[in-house]
Each structure stands twice: as structure tokens, then as C-alpha cells.
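Comments concern the structure below.
Every read-out reported here was derived from the displayed coordinates using simple, explicitly stated rules and does not represent laboratory data. Worth saying up front: this structure is predicted, and the values here are computed from it rather than measured. Backbone-built Cβ (ideal geometry, glycine too); neighbour counts: all protein chains shown.
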Amino acid sequence: MAFTLVTQGTFTQPATAVNQIIPLPSGADYFVTTNLTQMATTQGTGRVVRGEWYGGGLFADNDGLRWKKTNSSSAINIDKFSTSTASNGFTYVRTYPNPEAALTGTTITAANPAVATVTNTYSEGDTVVIYNAVGMQQISGMTFTISSVSSAGFSLVGLDASAFTTPATAFSVRRVATAARVKPQFYYVTSVTHAAQAVVTLSQAHDYVVGQAIEFMVPGSFGMVQLNNYYQGQSKPVIITAVGTYTITVNLNTSGYTAFAMPASSGSPTTQLFATVAPAGQQATFNPITNVTTGYNFTSVPFRSGLFIPYMYVYSGDQSPGGSASDVIAYQAYKMETGTINGSP
Amino acid sequence: MTFSTGITGIQNMAPELPVQASEDLLSTPQFNLIHSFGVDLHHAESYVGKTTRMSRFERLSTDGGQLDGSGIDPAAEVPVRTDIDATMEIYAKSIVTNEQVVLWENSKTLTKFTALLGQWLREKEDLLMRDLFSSSVSYINCTGGLNGDQPSNISLNDVNNIENILLGNDARSMLTDLEATRRIGTAGVRDAFIALANTNLCADLQKVQGVLLKSAYPTQEGIRPEEYCSISRFRFFVSSKAAKTPGISLRGNTIYTIPMYGLEAAAKIEQNNYTAVIGYRPPWVVSAVAQNSQLYAKFAIARAITNQNWISGLNATTFTAS
């Protein structure tokens, strides 16, 4: 029964290390990472230089074997990531992830950006759903990208809550899959400016591109219902003219529209939620003189799967297989040639 | 410890395996396949790339246009075309069968495995279309229900709100009307849009004001088994695998997503000759001693929301927490 190398490669951690998703086209029965950067160093706190994961149910989620250099030497200790002192390891993901277990937070500030206080183990750029936000129910059920993450909380850059009447005094949060099942996806709208070309802020870091067509769904409770297609004179899709990490600029003059405002918390649960925007194709232009096509991104615009499943979720960190800032990590995945130890990919 | 003396009787002789195969295999469970129902089917040719483009010209402006007799034409209008692209993806599943299985099991094994692969093929396709609906469409939370959650359980007001949106966007209904007959207790069902719901919502659907359960339709002829009821301008089809997200409503309950749409709202694109490929790899191809054979199924699919204005939907919780 031959064992086959199904994929290999390297990744380099950015300045703020993030968890990595490694697609595994035919599943895996064995996965290994080697930290090529830390192999050559001797750190005072020691470093995980190699991580291994065996299939067949030998390891729970977020576990595996860690090969760890001991403090200030190159001697190796091997144990499981779950061994005290535990650190994050590998999670082999076979199905689209459900929301993780809920955490209970204490406050979300009425500020720009809103800052949430909750003891957590989340990572920079993770996607979360916040719900039951007492005093801030207008965001309950909304999905956010989180940043400036610490063990005590994170920022919601996509939410300017400075106009909210009250901060949230308690809330629940669950981490969810970073990517939607299908891309391009819909997003939640948190603000829209009054401008000749309106700037729309989304609750998540988005992957929309210039030239992409979109359609708004804005309930009356958010004010600016004129964004809805049925209010538009010619029913044409709205076109994105510029993008930021959390913002899109659109070809709509909203100067005369009703102001966009998140509804009051007190309106829940009967206030209609949410204002959203969804992909509606694209309108590219081609200049026959310069032969330049603008407004189209062949990678981002077509409808396609958002997440390749199965994949290996490789956690980042000094004591984790994904390594820390600027580390170069090599990885390989192996699989039985016929069938799989796991029984099912 | 005792040892056998070699004399065997009914008390200590190991019985033969007391099994015999019943003449028929039992049914393999299969969920309702509702998510490809009502979407447009397009075909992609070979050798021309893996992205399919569907294009639509937007209608011309009806503003102005009056001639004033001066001989000067009204301003010409540049037609706007919207392109909807979808990337082809291939999915596959295989079953490895040891020769002993084929040799010793009853002769239905390979036949049944082939049927399993065929079932996987259609189920996978259904779930891929479900994922398209749940990821790339805007939904509004139900608020007309009385369970105190956000979103609430489904109500007539919520359904009517989506009807308003679709009609306001000039969406066309998809299902033709069912004319009233003289059957007692039945009424006509008018032309309708489609709504897709999780089976966990059935109890709540029954309670929506004005609901017409399928049994009260004027005819059962041509009605799909997946259909559950009619509310307002929508006919509801249910599946146990319809979209849901656990634990994220205001009260931490499961949210169910209900796509509601009319004609030409979404598309499924099949690669010509790759709609359903089922094959068999004989054992001597795989192994020197010809042990393992392999059955496989694969198909190619691309999917897209082709008109975002003609599809919308509701997020709902159940009246009783689920």
C-alpha cells in the first residue's frame, strides 16, 4: 500500500503571524511542518521547529506532535501540543467549519472603531459572529473581521459605533470560517456616506474589486432605502469604483438620499436587520486604443468555492507549527495511495 | 482454564455464522434534492477555458425621449452589459474494493456501490448549489414571529416583505398556477416564486397565517414530493440539508436561511460530457497481485447568482428553540 506525497510547499509568516490554511486535494494521512527559520536559531524561550500530524483519529483537533528546541540550545524535546504547557497545533478540517464554541465578552465600546473586550485565543484577521450584544443589539448576528487581537480582546475596524447610544455591556462571540462557502459573498453594511460617489463600509475585510457589480439590500430601519434596486431609476447594478480594506466606493450619488444609520439597539428583536450587499457580476471596460481592460479581476469576480475542503489548519505561534513573525515554514502532506487511514477524506 | 477435549456437542461447538442475506438491500437514506430545482441550466463547451460568462444587457432608460421638432436627436444611450462569470470545478469520489469483497460478498456489491456513487453525485451537486445560495445572496431577518428572537420565527409579514422586494425588482414567478377544482376543501394555487427551507421549519410553516399545505392543493398531479406548502406567492420546498448556521441568533439559537427566488435568479453550469462520469478501474491496473479495484464518480459544475434582484430570502429561527 504505497504512501504518496500529495502536496508540499512553503509559506512565510507576515510581520504579524497568522494561522494558515493548507488545502489538501485528496485528504491526508500524515502532515508535517518544518520551521526553516527557527531551525537555525537558538532562542531563550525555545521554539517548535517541527510539527507532525497523524491521521486515523490519533490526534484531537488542535493537536499533533511538536519537536521543540529546548531553551537556549538545539537539544530537541518531543511531545504533543496538548501537553502542558499546551500550545496550538494542527486541526484537520474535513467539513465546512461550524461556528466555534461561544465566548462571553464584557464590553464593546461605542467608538470608532468599536473595541470588544473578551478573553480569547483568536488570531489577527479571524472572522467572528457577535450576538446577544446587550445595549448594542443592532449588531447581534453580524459577522466581523477582527484586528489588533490580544488575549483580552480585539477591534472591529469595520464598525464605527461612535453614534451608538450605548456601549454593549455583555455579548457572546463565536469564531467562524474565514471564507464563505462560495465567493464572491455577501457582506454586512455598517455605514454609507452622503457623497457624489458614496463610500460604503463593510463589517469584514472584503475581496470585492473595482468594476464589480453589486446590489444592496437595505431595510427601512437603516434609512437609506434608495440604495435598493427597486428605488433606482433604471434598475442597473451598482458598480464599485474604488476599494479599501473595509470600504468600497460606488457609482451612486447618495447626496439626496435619506441618511444611513444603524438602528437603535432598543428596536431589537423587531427591527428589521441587516443592511447587506451582494455580488451581481461585473462591468469591465475595454479600451481598444490601449488594449487595456479595466474593472475586472479574473481571480476574484467569478463565482467559485470559497474554501477548499479538506484542509489543514496550521496554527501560528512560537510554540506552534505555523511559526512566528517572518518565519519560513515548509510543509508536506502524505496519503495512502488507495483509500485513506481516515476512511473518508 | 479449561481445554477442549476435541469432543464437540451443541454446548461447546462454535456455530456457523448464523446469517443469511435477505433478498433485498435496505434503502440508503437520501435527503431531498431541492437546490438545483428552479435554477437555469447552462452548458460549457470543452477547450474554451474553465470560466463561463453569462451576459445580460440592462434595459434602456425611459427618461426623456420626446422629439421637439428641431431636428436634433435625443442623446443616444450606451447600452450597459452585465457579465456574470462562474468558474468550473470538478468533484470526485471513489470507492476501493478488495477482491475478497467482490469474491465473497453477494453479487450486488458492485451494483450497489455504483448506485451509491450516483447518489453521492446528485447529493453533492445539491449541496454545492445550497452553498451558493447561503453565501452569495442578501437575506433579511424575520421579525414578524413571536418567539422574541432576532431573527424571529417565520410569519406572513416576512414572506410578504420578500414578495414586495421581488415584485419591486420585476422578478417573474416560476411555477404556474394550479387551477381550483371541485375537490372539497381545496382552492387554487396561483403562480408562484420558489422558497427553499430546512425541514426543521415545517412546524412553523404550518402555523403561518394563510398557509396552504400541499394536501389542500387542488391537484397532486405533478407536485414534487419535496414540496411542503404554499404561503402567499411562494411555494416552499424542504430538505433536511437546507442551509442553517447553529448558535448565532440573538438568543444563541440556530438560524435557518430560506432562499426565495423567481425565474433566472441563479444558474448551474454543466461541463459538456462531465455531468456525471462513473467508472471502474480493474484490480490488475492498480496492484501487482490484482487485489484492489476502484469505482469512481466525478462531475464538473459551475454555479452563479445570475440576477441578484430576482433572489432574496429570509433568515429565521424556529418558534421552539432548535
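Can I get the semi-axes of region B:46-108's equivalent ellipsoid? Compute them from the C-alpha gyration tensor as square roots of 5 times the eigenvalues, in angstrom, largest first.
Value: 64, 12, 7 Å, ordered largest first.
Determine ³J(HN,Hα), in whole Hz, for all residues of region B:225-232 in sequence, where each value follows from phi through the Karplus function 6.51 cos²θ - 1.76 cosθ + 1.60 and θ = phi - 60°; x replaces Gly and Pro.
Here the 3J(HN,Hα) series is x, 6, 6, 10, 6, 10, 10, 6 Hz.
Across peptide B:138-150, how many C-beta atoms of other chains are within 10 Å of each residue C-beta, on average?
6
Using the alpha-carbon atoms, what tilt in degrees (0 to 90, nearest 10) does helix B:108-135 show relative to the longest principal axis of chain B?
Its long axis makes an angle of about 30 degrees.
Among B:Asp131, B:Asp73, B:Asp40, which one shows the biggest mean-square fluctuation in a GNM of chain B, springs joining Cα atoms closer than 10 Å?
B:Asp73
Any idea what the alpha-carbon Rg over 2.2 N^0.38 Å comes to for chain A?
So chain A has a normalised radius of gyration of 1.14.
Taking 7 Å along the Cα-to-C-beta vector as the label spot, tell me the B:Arg59-B:Val78 distance in nanometres, rounded to one decimal.
Reported label-point gap for B:Arg59 and B:Val78 is 2.3 nm.
Residues of B:165-173, mean number of Cβ from any other protein chain within 10 Å of their own Cβ, rounded to a whole number?
Per residue, the number of nearby Cβ atoms from other chains is 2 on average.
Most fluctuating residue of B:Arg81, B:Arg172, B:Arg59 in a GNM of chain B with Cα springs under 10 Å: which is it?
Per the Cα network of chain B with a 10 Å cutoff, B:Arg59 tops the list.
Amide H neighbours of A:Phe90 under 5 Å, at least 5 residues apart or on other chains, H built in the peptide plane: list them.
Under 5 Å from the amide H of A:Phe90: A:Asn62, A:Asp63, A:Gly64.
Just flag the GluC sites (Glu not before Pro) in region B:29-132 sitting in loop per DSSP whose Cβ has no more than 10 other Cβ atoms within 10 Å.
Here the GluC sites (Glu not before Pro) that fit, given the DSSP loop and packing criteria, are B:Glu45.
³J(HN,Hα) across region B:136-149 via Karplus (A = 6.51, B = -1.76, C = 1.60, θ = phi - 60°), whole Hz, x for Gly/Pro?
10, 10, 7, 10, 10, 5, 5, 9, x, x, 10, 8, x, 9
Modelled label-to-label distance, A:Asp61 and A:Thr106, 7 Å Cα→beta-carbon offset: nm?
Between A:Asp61 and A:Thr106, the label points sit 2.7 nm apart.
Could you tell me which of A:Ser147, B:Ala192, A:Leu58 has its Cα farthest along the dipole of the protein assembly as shown towards the positive end, charges placed at Cβ (Lys, Arg +1; Asp, Glu -1), taken about the Cα centre?
A:Leu58
Quick one: if you take sqrt(5λ) for each eigenvalue of the C-alpha gyration tensor of region A:1-90, what semi-axes come out, biggest first, whole angstrom?
Result for region A:1-90: semi-axes of 24, 16, 13 Å.
For the protein assembly as shown, what is the mean residue ellipticity at 222 nm derived from helices alone (per DSSP H run of n ≥ 4: -39500 (n - 2.57); sum divided by total residues; nearest 500 deg cm²/dmol)?
About -2500 deg cm²/dmol.
Going 7 Å from the Cα of B:Tyr296 toward and past its Cβ, which residues in region A:1-25 have a backbone nitrogen under 20 Å from where you end up?
A:1-8, A:24-25
Helix B:156-168 sits at what angle to the longest principal axis of chain B, using alpha carbons and giving 0 to 90 degrees rounded to 10?
It works out to around 60 degrees.
Based on the mean of other Cβ atoms within 10 Å per residue, sort peptides B:279-285, A:282-288, A:205-211 so the most packed one is first.
Highest mean packing first, the order is A:205-211, A:282-288, B:279-285.
Please say if region A:250-305 is rounded, prolate or oblate, where rounded means a/c under 1.5 for a ≥ b ≥ c the square roots of the C-alpha gyration tensor eigenvalues, and otherwise the choice is prolate for a/b larger than b/c and oblate otherwise?
Taking the square roots of the gyration eigenvalues as a ≥ b ≥ c, region A:250-305 is oblate.
Once you place label points 7 Å from the Cα toward the Cβ at A:Ser300 and B:Lys50, how far apart are they in nm?
Label-label distance for A:Ser300 and B:Lys50, simple model: 2.1 nm.
Scan around B:Met88 for amide H atoms under 5 Å from its own, H built in the peptide plane at 1.01 Å from N, and keep only partners 5 or more places away or cross-chain.
The answer is B:Thr51, B:Thr52.
Taking amide H positions as placed in the peptide plane 1.01 Å from N, state which residues far from B:Gln150 in sequence (5 or more) or on other chains have amide H under 5 Å from it.
Answer set, sorted by chain and number: B:Leu250, B:Arg251.
For the protein assembly as shown, state what percent of all Cα-Cα pairs lands in each successive 20 Å bin, counting from 0 Å until the bin that includes the largest distance.
Histogram of Cα-Cα distances, whole percents per bin: 16, 44, 32, 7, 1, 0, 0.
Let me make sure I get this right: for region A:182-304, a, b and c are the square roots of the gyration tensor eigenvalues over alpha carbons, sorted descending. Under 1.5 in a/c it's rounded, otherwise prolate if a/b > b/c, else oblate. Which is it?
prolate
GNM, chain B, Cα, under 10 Å: largest mean-square fluctuation among B:Phe57, B:Phe193, B:Phe237?
Maximum among the listed residues: B:Phe57.
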